[in-house]
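Some notes on the structure that comes next.
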């Protein structure tokens, strides 16, 4: 499912117009991104939680040449599915 399909699904499920559903989806994405950018954790009970973790610097290998390269440290977004979401998917 892509973003347009998500907007269509939200609009039909919630009884909203596509314009209002797009605003809601865009607002959710924006609030989530801003929250994670600040380093906060976003938890949606039953669905899951989004958090930011630090990945430390490490050495890797270029698969084409076999040369050793340094991979810089960076922050990555993690999602942990909640129990209800996990049960629905099973």
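Inside the stretch 57-90, can you point out the residues that are surrounded by 11 or more Cβ atoms within 10 Å (Cβ to Cβ) and either in contact (Cβ under 8 Å) with a residue 60 or more places away in the chain or in a loop (DSSP other than H, G, I, E, B) (or both)?
Result: 82, single match.
What about residue 54, is it more than 13 Å from the chain's Cα centre (by Cα), closer than 15 Å to residue 76 by Cβ and outside any loop (DSSP other than H, G, I, E, B)? Give the steps one after another, and end with the answer.
On the way: more than 13 Å from the chain's Cα centre (by Cα): yes; closer than 15 Å to residue 76 by Cβ: yes; outside any loop (DSSP other than H, G, I, E, B): yes.
The answer is yes for residue 54.
Every read-out reported here was derived from the displayed coordinates using simple, explicitly stated rules and does not represent laboratory data. What you see is a predicted model, and the numbers here were worked out from it, not measured in a lab. For neighbour counting, all protein chains shown are included, and Cβ atoms are generated from backbone atoms with ideal geometry for every residue, glycine included.
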